1. Across the stretch 165-214, what is the number of residues that are in contact (Cβ under 8 Å) with a residue 12 or more places away in the chain, farther than 21 Å from residue 26 by Cα, out of contact with any Phe, Trp or Tyr (no Cβ under 7 Å at 6 or more places or on another chain) and not in a helix (DSSP H, G or I)?
2. Give me the residue from the stretch 8-32 that is buried (at least 21 other Cβ atoms within 10 Å of the Cβ) and charged (D, E, K, R) and, out of that set, farthest from residue 240 (Cα to Cα).
3. Search the stretch 93-115 for residues that are on the phi < 0 side of the Ramachandran plot and at pLDDT 95 or above and pair each with any residue that is surrounded by 20 or more Cβ atoms within 10 Å (Cβ to Cβ) and of a type in the set (D, E, K, R) when their beta-carbon atoms are under 8 Å apart and the residues are at least 6 apart or on different chains.
4. Of the residues 196, 231, which is on the phi < 0 side of the Ramachandran plot, surrounded by fewer than 20 Cβ atoms within 10 Å (Cβ to Cβ), among the hydrophobic types (A, V, I, L, M, F, W, C) and under 19 Å from the mean Cα position of the chain (by Cα)?
5. Where residues in the stretch 5-17 are within 21 Å of the chain's Cα centre (by Cα) and of a type in the set (A, V, I, L, M, F, W, C), which of them is nearest to residue 32 (Cα to Cα)?
6. Where residues in the stretch 313-329 are in a loop (DSSP other than H, G, I, E, B) and among the charged types (D, E, K, R), which of them is modelled with the highest pLDDT?
7. Report yes if some residue within the stretch 137-146 is surrounded by fewer than 23 Cβ atoms within 10 Å (Cβ to Cβ), in contact (Cβ under 8 Å) with a residue 60 or more places away in the chain, outside any helix (DSSP H, G or I) and touching a strand residue (DSSP E or B) at 6+ places or on another chain (Cβ under 7 Å); otherwise report no.
8. Give just the number: which of (1) under 17 Å from residue 7 (Cα atoms); (2) in contact (Cβ under 8 Å) with a residue 60 or more places away in the chain; (3) under 20 Å from the mean Cα position of the chain (by Cα) does residue 297 not satisfy?
Amino acid sequence: MDGVHRAGVPGVYGEVRAADRTWRGASGVADTTTGRPVSADMRHRVGSITKTFTAAAVMQQVEQGRIRLDAPIGGYLPRLVPGERGRSITVRMLLNHTSGIPDYVPYAFPSLQADSPASLDDNRFRQFTPEELIELGLAAPPAGEPGGPTGVYSNTNYLLLGRLLERVSGTTAEEYITRNVIDRAGLRHTAFPAGARIEGPHSRMYESLYGLIDPARDYSVYNMSWTGTGAAVVSTMEDVNRFYGRLLDGGIVSRSSLTQMQRTVPVRALDGTTIEYGLGLHKVVIADCGTFWGHDGTVWGAAMMSLTRADGKRQMSVAVNLARWNERDSSGRPQPHPIDGALSTLYRQALCDTGKAPQGPAAAP
C-alpha cells in the first residue's frame, strides 16, 4: 500500500481475509490539503460493485417466480423498451451485458466526447431520472446485436434492471436492495446515498480524467442519480468482503441462482479489455493461485477492486481515492503509469503472493 501511495495515489486502504485471519491497512491521505490520513474503515463510493447487489436482487425475484431470466424485457417494461428491441432483449442479456444497448454515460456527460471535463462540474448537483438516462442509451447507436457472442459493458443495462425490480417488487429498487440484499448480508455501513454527501468517515475523491484535470479535483460531494442501481452504493472494505463472502456461500441467493450468476460470457469492458462476465459477477483466473469472483468499480474520483476466491478462503477489497490517472497518447489510448505496477504488486500480494494480477479500471488501463 505504501508503494501505491508513493506511485501517486493520495490514499489507498483495504481489507484482506485469508481463512480465519483478517488484515486491514491504509496508506496516504484522505485530504491532500489538510494531510488528514486515510484509514481502513473509511466509507467509499464502490462504483460498479453495485451491479452485483442489483443482480443478486434480481435473482431473488427470479427465485420467487416474478422474473424469468430469458423473458423479453419489453414484457415487463413495454414503455421503456418498446418494439422489436423489447421483444429481442431478455433479462439475462441485461445482466450479462449482451443486450447491445450502449452506455448512456457519454451522452449524459457530453463534454467527455470532446475531451473536456466540463460536464462533470455541470452535473455535480443535477438530479437525473433513470428514465432519461435509459432513453439516452436507447437513442444511441446500438453497441451490438442482442444476445451476441461478445457483450459490451453498459450502465444502461443496470438502470433498466433497477426499473424492473421496481415493477415486480412494488417498491423502489434501492429500498428492495437495501432490505433484501444489504440487510440480509448483515452490512452495517453500506447504503445508497441519501444526497450528494457521504455520511460517516470518508476520504475526498480525486478525479484526474486521463490528465485533463490537473491537479486532480475532488468529487466526493456528488449527486449519484447519474448512476443509481448501476454504481451508486457507498460501503466499507469490510462490508464489501462480507457481502461477497455471503453471496458465494449461498447466503443471499440460492445455489442454483449462484450457478446462473457464474455462467460467463466475454464482455468488452469500458477500458477496452475483454473480461469474463456472468450475471453481475466478474470471473478472474490467476495462474497458480485460483479462480476469483467479484467486481471492480469506479465513479468520479474513486476506484476499487474486490475479489473472493471460489472457495471463499481468500478475499481482497482495496479502494483508492484517485481515478483515471493514466494520460492518453495521440490515439487516445491510456498510457502505463507507475500506479498500475504498484497496484498489481499489491493485488498479487493480497490474493496469493504469486501469479498474474487481475486487470480492470482500478488496476490498469
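The values are calculated or read from the model by the stated rules, or taken from the named source; none is laboratory data. What you see is a predicted model; the values in this text were computed from it and never measured. Cβ coordinates were reconstructed from backbone atoms using ideal geometry, including for glycine residues, and neighbour counts include every protein chain displayed.
1. Result for the stretch 165-214: 12.
2. Out of the qualifying residues, it is 17.
3. Sorted first by the residue in the stretch 93-115, then by its partner, the pairs are 98/92.
4. Numbers: 231 fails: surrounded by fewer than 20 Cβ atoms within 10 Å (Cβ to Cβ).
Testing whether each residue is on the phi < 0 side of the Ramachandran plot, surrounded by fewer than 20 Cβ atoms within 10 Å (Cβ to Cβ), among the hydrophobic types (A, V, I, L, M, F, W, C) and under 19 Å from the mean Cα position of the chain (by Cα) leaves just 196.
5. 9
6. So the first thing to find is which residues in the stretch 313-329 are in a loop (DSSP other than H, G, I, E, B), and the list is 313, 321, 324-327, 329.
So of that shortlist, the ones also among the charged types (D, E, K, R) come out as 313, 324, 327, 329.
Numbers: 313: 94, 324: 97, 327: 93, 329: 88.
The residue in question is 324.
7. Restricting attention to the stretch 137-146, the residues satisfying the condition of being surrounded by fewer than 23 Cβ atoms within 10 Å (Cβ to Cβ) are 138-146.
Still in the list and also in contact (Cβ under 8 Å) with a residue 60 or more places away in the chain: 146.
Narrowing further to those that are outside any helix (DSSP H, G or I): 146.
From what is left, the residues that are touching a strand residue (DSSP E or B) at 6+ places or on another chain (Cβ under 7 Å) are none.
The answer is no, given that none of the residues of the stretch 137-146 is surrounded by fewer than 23 Cβ atoms within 10 Å (Cβ to Cβ), in contact (Cβ under 8 Å) with a residue 60 or more places away in the chain, outside any helix (DSSP H, G or I) and touching a strand residue (DSSP E or B) at 6+ places or on another chain (Cβ under 7 Å).
8. (1)
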